[in-house]
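The values are calculated or read from the model by the stated rules, or taken from the named source; none is laboratory data. Only a predicted model underlies this, so the values are computations on that prediction, with no experimental measurement involved. Glycine also receives a Cβ, built like all others from the backbone with ideal geometry; neighbour counts cover every protein chain displayed. All accessible areas refer to the heavy atoms of the entire protein, side chains included, with ligands and DNA or RNA removed. Shrake-Rupley method; radii C 1.70, N 1.55, O 1.52, S 1.80 Å.
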Amino acid sequence: MLANQGRIPPQAVDLEEVVLGALMLESDKITEVQEYLTEASFYKEEHRLIYRVMNELAMAQQPIDLFTVTNQLKSKSELK
């Protein structure tokens, strides 16, 4: 743990945004993505939260799009 102090973990914030946007356009692919991605795969906390909400919607068999994700974030008082 001490060896990593002061080091920035790998990150690709632009790629994270592309992945989240693609999942909103192709929401049926979330089950395929879940095999490879977890919340911890995202560097930004906001992206982790969005991915968590997408997974919650998928588990509830609800559509995943900008509208439903935004409403879910609002209902959790997590929308910034």
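Worth a mention:
- Among the residues of the range 63-72, those identified as open to solvent by 30 Å² or more (accessible area, probe 1.4 Å) and within 18 Å of Glu32 (Cβ to Cβ) are Pro63, Asp65.
- Selection within the range 40-75 - outside any helix (DSSP H, G or I) and aromatic (Phe, Trp, Tyr): Phe42, Tyr43
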